[in-house]
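Here is the structure we will look at.
The values are calculated or read from the model by the stated rules, or taken from the named source; none is laboratory data. Please read all numbers here as calculations on a predicted model, not as lab measurements. Here the Cβ positions follow ideal geometry from the backbone for every residue, glycine too, while neighbour counts run over all protein chains shown.
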């Protein structure tokens, strides 16, 4: 039995067979992770098979979108602490994962954010001056479950989590994960680097718009349906 609240590492994945086994291996080696879940988001490569072979429990999410995959992962575990990790990471270490989880377990932070290592000149800018958008983050499950369903669609979810944590006045512990990088969309996109770049720009635009929309729209919502409400209703059915 774990001596601390159970922690699940949840890895949303779409066509990440090349890198997801290494991410799984690191998550499993982390001292503070009790369970590793990969959410296969309608991949058309062998992501699910290689993830299972690497020791992860695989959940299939037919509703495409990063936020939807994250929701499926949270719904698929009863762990009290959730650590989200991207499936395309390079240079991830068990120490990075434990550094994300530890402040949540001790109550020192309500959410942690692990940023890519862009070097000594850019790291302070991304850490202090820009919106901190990252797939590497940990929190108690209640924070995620408190999001409205509209807030988790696609790449909105990262901005929504930041905004929700601010609303609740939670302490956010953000840091640079030394040596951490990822396979970029330009590298991965089967349609070539130009399409990959376009997808990346669209992703960032969605996230930035979500920051503004969250602040403008949320006060006027009358009957928000949260992730927890929807999943509870689905379970009841």
Query raised in the report: Of all the residues that make up segment 87-111, how many are surrounded by 23 or more Cβ atoms within 10 Å (Cβ to Cβ) and closer than 18 Å to residue 159 by Cβ?
Result: 1
Report summary line: So, first residue farther than 16 Å from residue 171 by Cα in segment 122-141, second residue assigned to a loop (DSSP other than H, G, I, E, B), Cβ within less than 7 Å, six or more apart or across chains; the pairs are 123/117; 126/118; 135/85; 135/86; 136/85; 136/86; 136/177
Query raised in the report: Would you pick out the residues in segment 115-131 that are within 21 Å of the chain's Cα centre (by Cα) and within 15 Å of residue 178 (Cβ to Cβ)?
Result: 115, 116, 117, 118, 123, 126, 127
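Which count do you get for residues in segment 1-36 that are part of a strand (DSSP E or B) and crowded, with 23+ Cβ neighbours inside 10 Å?
Here the count works out to 8.
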Query raised in the report: If residue 64 satisfies every condition in (1) in contact with a strand residue (DSSP E or B) (Cβ under 9 Å, 6 or more places away or on another chain); (2) closer than 22 Å to residue 230 by Cβ but one, which is the exception?
Result: (1)
Query - Sole residue being more than 25 Å from residue 101 (Cα to Cα) and out of contact with any helix residue (DSSP H, G or I) (no Cβ under 7 Å at 6 or more places or on another chain), chosen from 22, 34, 46 - result: 46
Query raised in the report: more than 18 Å from residue 82 (Cβ to Cβ) and in contact with a helix residue (DSSP H, G or I) (Cβ under 8 Å, 6 or more places away or on another chain) - does that describe any residue in segment 8-15?
Result: yes
Requested in this report: Six or more apart or on different chains, Cβ under 9 Å: which pairs go from a residue in segment 166-186 that's in contact (Cβ under 8 Å) with a residue 12 or more places away in the chain and at positive phi to one that's surrounded by 14 or more Cβ atoms within 10 Å (Cβ to Cβ) and in a loop (DSSP other than H, G, I, E, B)? Could you list them?
Outcome: 179/91; 179/92; 179/93; 179/117
Report summary line: Note on residue 178: of the conditions (1) surrounded by 16 or more Cβ atoms within 10 Å (Cβ to Cβ); (2) modelled with pLDDT of 90 or more, unmet is (1)
Requested in this report: Identify, by number, the condition in (1) part of a loop (DSSP other than H, G, I, E, B); (2) within 16 Å of residue 9 (Cβ to Cβ) that residue 72 doesn't meet.
Outcome: (1)
Report task. Name every residue in segment 37-57 that is outside any loop (DSSP other than H, G, I, E, B) and crowded, with 19+ Cβ neighbours inside 10 Å, in order of residue number. Result -> 37, 38, 39, 40, 47, 48, 50, 51
